[in-house]
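One structure below.
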Amino acid sequence: IGGNPLVRVGIVLLFLGVGFLLRYVAQSFVFPVGLRYVAVALCACGGFAFGWRKRHTRPDFALLIQGGAFALLYLTIFAALRLHPLLSNGLALVLMIAVVAFAACLAVLQNAQVLAWVAFAGGFAAPILCSTGSNNYSALFVYYLILNSAILGIAWFKAWRPLNLLGFFATFLLA
């Protein structure tokens, strides 16, 4: 809620700029599609590293950079799954889970409730985004059990009530 609004606008513009840059590169140069996705993923990892380095000197800025990098990586995986079938549904789900786990660990290490909330919101959306329509409800609820267990583990040490509410409402609504 707090922080610099100009930085927030800058993150949104950076996010849109990456999309336009990818479109320009696709039209102007002959780059393999896989290399484009790898380049964007590496830039997102660089955003994580830059945000991690700035966490002590400018914590609000660092969290926004990390959140933007998280969103960019998450949407890169989704685009590699849906726009260009470079990833299988299972691999995309595993990668999204890894991104969620990484972002949740960063949130706990930095005591950043907002980053944890965004990470778990993405975690609850991952099975919907990677759905094949197989209606495997038992696997879905085991996945949600694992997510809610992770939220319980965080709640044991941190009193982040909005995160607990996210787990409850997301599980209830998706069920």
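The values are calculated or read from the model by the stated rules, or taken from the named source; none is laboratory data. These figures come from a predicted structure and were not determined experimentally. Cβ sites come from the backbone with ideal geometry, for glycine too, and all protein chains shown count toward neighbours. Side chains included, ligands, DNA and RNA excluded: accessible areas come from the protein's heavy atoms. Shrake-Rupley method; radii C 1.70, N 1.55, O 1.52, S 1.80 Å.
Structure above, values below:
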| read-out | value |
| --- | --- |
| Looking only at the stretch 133-172, and only at residues there that are among the β-branched types (Val, Ile, Thr) and exposed (fewer than 14 other Cβ atoms within 10 Å of the Cβ), the one that is nearest to Ala107 (Cα to Cα) | Ile146 |
| Looking only at the stretch 28-43, and only at residues there that are modelled with pLDDT under 90 and small (Gly, Ala, Ser), the one that is least open to solvent (accessible area, probe 1.4 Å) | Gly34 |
| Single residue of Leu6, Leu109, Leu87, Leu21 found to be touching a helix residue (DSSP H, G or I) at 6+ places or on another chain (Cβ under 6 Å) and of a type outside the set (S, T, N, Q) | Leu87 |
| The stretch 103-114 - residue that is of a type outside the set (Gly, Ala, Ser) and under 16 Å from Arg53 (Cβ atoms) and, of those, surrounded by the most Cβ atoms within 10 Å (Cβ to Cβ) | Leu106 |
| Verdict on Phe61 being open to solvent by less than 20 Å² (accessible area, probe 1.4 Å), closer than 25 Å to Gly17 by Cα and in contact (Cβ under 8 Å) with a residue 40 or more places away in the chain | no |
| Of the criteria (1) within 22 Å of Val108 (Cα to Cα); (2) surrounded by fewer than 17 Cβ atoms within 10 Å (Cβ to Cβ), which one Leu6 fails | (1) |
| Test: residue in the stretch 70-78 that is under 27 Å from Ala139 (Cβ atoms), modelled with pLDDT under 85 and either open to solvent by 50 Å² or more (accessible area, probe 1.4 Å) or assigned to a loop (DSSP other than H, G, I, E, B) (or both) | yes |
| Pairs, first aromatic (Phe, Trp, Tyr) in the stretch 88-117, second open to solvent by 50 Å² or more (accessible area, probe 1.4 Å), C-beta under 8 Å, six or more apart | Trp117/Pro162 |
| Pair list, Cβ under 7 Å, 6 or more apart: the stretch 16-41 residue more than 14 Å from Leu73 (Cα to Cα), other residue of a type in the set (A, V, I, L, M, F, W, C) and open to solvent by 100 Å² or more (accessible area, probe 1.4 Å) | Val25/Phe31 |
